[in-house]
1. Can you report the number of residues in segment 204-227 which are crowded, with 18+ Cβ neighbours inside 10 Å, among the small types (G, A, S) and either touching a Phe, Trp or Tyr at 6+ places or on another chain (Cβ under 9 Å) or at pLDDT below 90 (or both)?
2. Every residue in segment 166-177 that is in a strand (DSSP E or B) and more than 13 Å from G191 (Cα to Cα), please.
3. Just checking, how many residues over segment 1-53 are at negative phi and assigned to a strand (DSSP E or B)?
4. Kindly establish whether G49 is surrounded by fewer than 20 Cβ atoms within 10 Å (Cβ to Cβ), at pLDDT 90 or above and over 29 Å from F120 (Cβ atoms).
5. Can you report the number of residues in segment 201-227 which are free of Cβ contacts under 8 Å to residues at least 40 places away in the same chain and closer than 12 Å to S161 by Cα?
6. Of the residues Q131, Q212, only one is assigned to a loop (DSSP other than H, G, I, E, B), polar (S, T, N, Q), in the same structural domain as L231 (by TED's automatic domain parsing) and closer than 20 Å to S232 by Cα; which?
7. Select from segment 228-245 the residues that are modelled with pLDDT under 95 and surrounded by 22 or more Cβ atoms within 10 Å (Cβ to Cβ) and list them in ascending order.
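The values are calculated or read from the model by the stated rules, or taken from the named source; none is laboratory data. Note that the coordinates shown come from a computational prediction; the quantities given were computed from them, not determined experimentally. Note: ideal-geometry Cβ built from the backbone for every residue, glycine included; neighbour counts use all protein chains shown.
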Amino acid sequence: MVEMAIDKHHVKLYLDTGARGLHLPKVIADTIRGVNLTGRTVKSVDLAGKVREDAEFMVPELQMNGMVFRNVIGQYLSDWGVGKSEFQLPVIGLDVLQQKELVIDFPRKRILMSDAPIAFDTLYPSAQDLQFTRAEEGLVISAHIGNKEWSFVLDCAASISLIKSSASIDKDLITPCAFDLSGELCEAVSGHVYFGEKLIALQMIRMPFPEQFKPMGVIGYDFFSRCALYLSKDLDTMKIACTEE
């Protein structure tokens, strides 16, 4: 969660690499200078399978924390995510973040955003390149489970990592877990992400996903709690610096 000055408002937001655009309550969005409704609605499906249709807006030039973001696309905020009221804060997503050089550093509780290049290799001498692609769902990286390699969305707003319950997993790799799934049996799968010759271990909770979600799951806080992530402006490069396991 970050606190930012957006236009004349001080707003607490979730920083979410798994979301697109800017999600703001109507009462805030409608008072931003230069905001225009596009006349379109944005239809999306969250991990709970809930379908949303939200009015879309555009701001030609938006001031946030003293930085200028141009042609910012956003939508009115509605309920999102797998959870309850704590997930109703506004969201700043990937399409806005990619206008700046960005470092997301959960271990040190800091976010760096800059128009100028960020010398990530100097700040984090253990930095490694991480291969990724951009998909409809967000930033996609590879994770390994047993001898299989699958694509997962890298989502800094996800409190846990998740894998589709439909994924074909060797039974020996599935263990019971204590996460509350509203009465459903909780099962976890151990996986890992390579960075260089090292790896970050993950515990992925099995759960159903909407049919529209193409990757095999989501990588969340258990990754970000041990790694600083760098994204270059316009998403040319991704690097990470992680504690070893």
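1. 1
2. P176
3. 28
4. For G49, the condition - surrounded by fewer than 20 Cβ atoms within 10 Å (Cβ to Cβ), at pLDDT 90 or above and over 29 Å from F120 (Cβ atoms) - is not met.
5. 0
6. Q131
7. Hit for segment 228-245 is C242, nothing else.
Residue-by-condition table, conditions (1) touching a Gly at 6+ places or on another chain (Cβ under 9 Å); (2) over 30 Å from F213 (Cα atoms):
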{"site": "M4", "(1), (2)": "no, yes"}
{"site": "L13", "(1), (2)": "no, no"}
{"site": "G21", "(1), (2)": "yes, no"}
{"site": "V27", "(1), (2)": "no, yes"}
{"site": "V51", "(1), (2)": "no, no"}
